[in-house]
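What follows is a single structure, written as structure tokens, with notes after it.
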Amino acid sequence: MTLFSEDVLAGRARRAAEATGDTADLVLVGAGEPIGKPGGLDQTYPFIPHPEYFWLTGSRRPGGVMAFDANEGWKHFVRPASPDERLWEGEPDVPPGEDVAGLDAWIRERALRRVATLGARIPGAPFDGEVTASVQERFDAARRPKDAAEIALITRAVAATAAGYAKAREVIRPGRTEREVAIEIEAEFFRHGATGVGYGTIVGAGSNAAVLHFEPGARVIGEHDVVLVDAGGEIDGYTADVTRTFAASGRFTARQQAIYDIVLAAQLAAIGRCRVGVEWHDVHRTAARVMAAGLRDADLMRGSDDELLETGAIALFFPHGVGHMVGLGVRDVGGRAAGRPEGRMCCGARVRVDLPLAENYLMTVEPGIYFVPAILDDPARRAAHRDRVNWAALDDWREVAGVRIEDDIFVTPGEPRVLTASIAK
Ligand code: GLY
Ligand code: MN
Ligand code: MN
């Protein structure tokens, strides 16, 4: 049984076939193999099929390959069940298809044709770098818009995630540890249908809120701490990605509230820009501009909006991109539009997505303001932005540590749809 109906998979196969370009070329999309743990002998990490293969097949079985010849369409090569597997793991879910042992012969029968290899690398298979790069670009474009089956799964992942956040609100209290909070949130995800977590749950109390991908530990939440939670329940490979920042005591201090209000205003402004045709870098710039104005009003930054954005000064406090594509995994396709150079910066940050938005894209919008010692105490940055920060006032603000607010936004022909709107902020 695969996760998606035959109709859904046929639709994706058609979109992927259209992406292949030159009909003389072959395309292979590999599922990949389990990765052994270091020194673990027969132990492997939990297997995750390559998302390109999973999207085409709905199968989680390792070793499979989808093979495309324009004259015949797609053919699914699968790994049959082995007696050992039946003994140790039980009867596996093998999708319909031909034994992958026949793949070599299939390729040999089509010798002299160029081969694009997507998904996981396939040991021994031919590989043409140039064709692969151009097919990859079009395949990515075909995969970016979410179809209805994907949105249905994400909607369920969001419901599980919302239940986890409702629990977070109950359990975040001075005296509890970050780890206790993470356990409660994740348990609630699972109780509400999650089959996994989309990524390592982040619960950062106090200064830990300034660590972007913090791993929760034994730290006890203090009375005046902020608690930053970034977590998502996953269902069958599809995940939500949500951040909320809480006041441990239920009430922010005046400075915490001031920063929270700026981040929220930046997020709402950026969400408002999530419309068809808008450049993702402009969504980032919108958030950065609201933050620059807010930090200037708070007498923390000095200079015009344009100066604070163009010199990258705003990245002292907002050092990451405003968001990313999400859905099939926490980092879904993303990338950049054809012909654009890699790594274009925006407002001093590395903004990995560099595309105009299109209908049915699902993006996170997650601005944050942080007081990161490694950034703010760096002599080179202090010198570069000597007159753009009220350095004398900075120490009073460090207790805020970090505030991020993240939602998942579906781009429609009209208003942006906030799929995670039910999670209070
Ligand atoms: N959860 C990691 C991120 O928001 O990118
Ligand atoms: Mn997140
Ligand atoms: Mn995110």
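Take the conditions (1) of a type outside the set (D, E, K, R); (2) touching a Cys at 6+ places or on another chain (Cβ under 7 Å); (3) away from ligand 1 (no atom under 16 Å from the Cβ); residue 293 misses just one of them, which is (2).
Yes or no, residue by residue, for (1) modelled with pLDDT under 95; (2) in a helix (DSSP H, G or I); (3) under 22 Å from residue 333 (Cβ atoms):
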{"residue": "15", "(1), (2), (3)": "yes, yes, yes"}
{"residue": "29", "(1), (2), (3)": "no, no, yes"}
{"residue": "38", "(1), (2), (3)": "yes, no, no"}
{"residue": "42", "(1), (2), (3)": "yes, no, no"}
{"residue": "54", "(1), (2), (3)": "no, yes, yes"}
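For the stretch 1-51, enumerate the residues that are over 19 Å from residue 116 (Cβ atoms) and of a type in the set (Gly, Ala, Ser). Don't jump to the end; show me each part of the working.
The first filter runs over the stretch 1-51 and keeps only residues over 19 Å from residue 116 (Cβ atoms), leaving 1-11, 33-48.
Listed by number, the residues that qualify are 5, 10, 11, 36, 39, 40.
When you look at residue 104, is it of a type in the set (D, E, K, R), at negative phi and touching a Lys or Arg at 6+ places or on another chain (Cβ under 8 Å), yes or no? Taking the combined requirement at face value, the residue does not satisfy it. So, of the residues in the stretch 215-261 that are away from ligand 3 (no atom under 16 Å from the Cβ) and of a type in the set (Lys, Arg), which turns out to be farthest from residue 169 (Cα to Cα)? Ranking the qualifying residues of the stretch 215-261, first place goes to 255.
Scanning the stretch 265-310 for residues that are over 30 Å from residue 337 (Cβ atoms) and either in a helix (DSSP H, G or I) or of a type in the set (Gly, Ala, Ser) (or both) yields 294, 295, 296, 297, 298, 303.
Filter the stretch 66-92 down to the residues that are in a loop (DSSP other than H, G, I, E, B) and either surrounded by 11 or more Cβ atoms within 10 Å (Cβ to Cβ) or touching a strand residue (DSSP E or B) at 6+ places or on another chain (Cβ under 7 Å) (or both) and list them by number.
First pass over the stretch 66-92, keeping only residues in a loop (DSSP other than H, G, I, E, B): 70-72, 79-82, 90-92.
Across the stretch 66-92, the qualifying residues are 70, 79, 80, 81, 82, 92.
A Cβ distance below 7 Å, combined with a sequence gap of six or more or placement on separate chains, defines the contacts here; from the stretch 174-202, residues that are within 14 Å of ligand 2 (Cβ to nearest atom) reach residues that are of a type in the set (Phe, Trp, Tyr) in the pairs 197/189; 202/214. Could you look through the stretch 236-252, keep only residues that are closer than 19 Å to residue 333 by Cβ, in contact with a Leu (Cβ under 7 Å, 6 or more places away or on another chain) and not small (Gly, Ala, Ser), and pick out the one that is nearest to ligand 2 (Cβ to nearest atom)? Restricting to residues being closer than 19 Å to residue 333 by Cβ, in contact with a Leu (Cβ under 7 Å, 6 or more places away or on another chain) and not small (Gly, Ala, Ser), the top hit is 238.
Would you mention how many residues in the stretch 345-356 are in a loop (DSSP other than H, G, I, E, B) and under 16 Å from the mean Cα position of the chain (by Cα)? It would help to see each step written out before you state the result.
In the first step, residues of the stretch 345-356 are kept if they are in a loop (DSSP other than H, G, I, E, B); the result is 347-348, 351-353, 355.
Filter once more, keeping what is under 16 Å from the mean Cα position of the chain (by Cα): 351-353, 355.
Of the residues in that region, 4 qualify.
Out of 186, 234, 223, 180, I need the residue that is among the charged types (D, E, K, R) and within 12 Å of ligand 1 (Cβ to nearest atom). Which one? Even if it seems obvious, please write down each step before you answer.
Numbers: 186 fails: within 12 Å of ligand 1 (Cβ to nearest atom); 223 fails: within 12 Å of ligand 1 (Cβ to nearest atom); 180 fails: within 12 Å of ligand 1 (Cβ to nearest atom).
After ruling out the rest, the residue left standing is 234.
When you scan the stretch 327-344, do you find a residue that is over 22 Å from residue 139 (Cβ atoms) and surrounded by 14 or more Cβ atoms within 10 Å (Cβ to Cβ), even just one? For the stretch 327-344, residues over 22 Å from residue 139 (Cβ atoms) and surrounded by 14 or more Cβ atoms within 10 Å (Cβ to Cβ): absent. Any residue that is part of a helix (DSSP H, G or I), buried (at least 19 other Cβ atoms within 10 Å of the Cβ), in contact with a Phe, Trp or Tyr (Cβ under 9 Å, 6 or more places away or on another chain) and among the small types (Gly, Ala, Ser) - is there at least one of those in the stretch 311-318? Within the stretch 311-318 (the criterion being part of a helix (DSSP H, G or I), buried (at least 19 other Cβ atoms within 10 Å of the Cβ), in contact with a Phe, Trp or Tyr (Cβ under 9 Å, 6 or more places away or on another chain) and among the small types (Gly, Ala, Ser)), the answer is no, since none of the residues qualifies.
Contact map, the stretch 315-343: residues that are more than 27 Å from residue 55 (Cα to Cα) and within 12 Å of ligand 2 (Cβ to nearest atom) paired with residues that are of a type in the set (Val, Ile, Thr) and at pLDDT 90 or above, Cβ distance under 9 Å, separation 6+ or inter-chain. Pairs shown: 320/351.
The values are calculated or read from the model by the stated rules, or taken from the named source; none is laboratory data. Everything numeric in this text was worked out from a predicted model, so none of it was measured. Glycine gets a Cβ as well: all are built from the backbone with ideal geometry, and neighbour counts include every protein chain shown.
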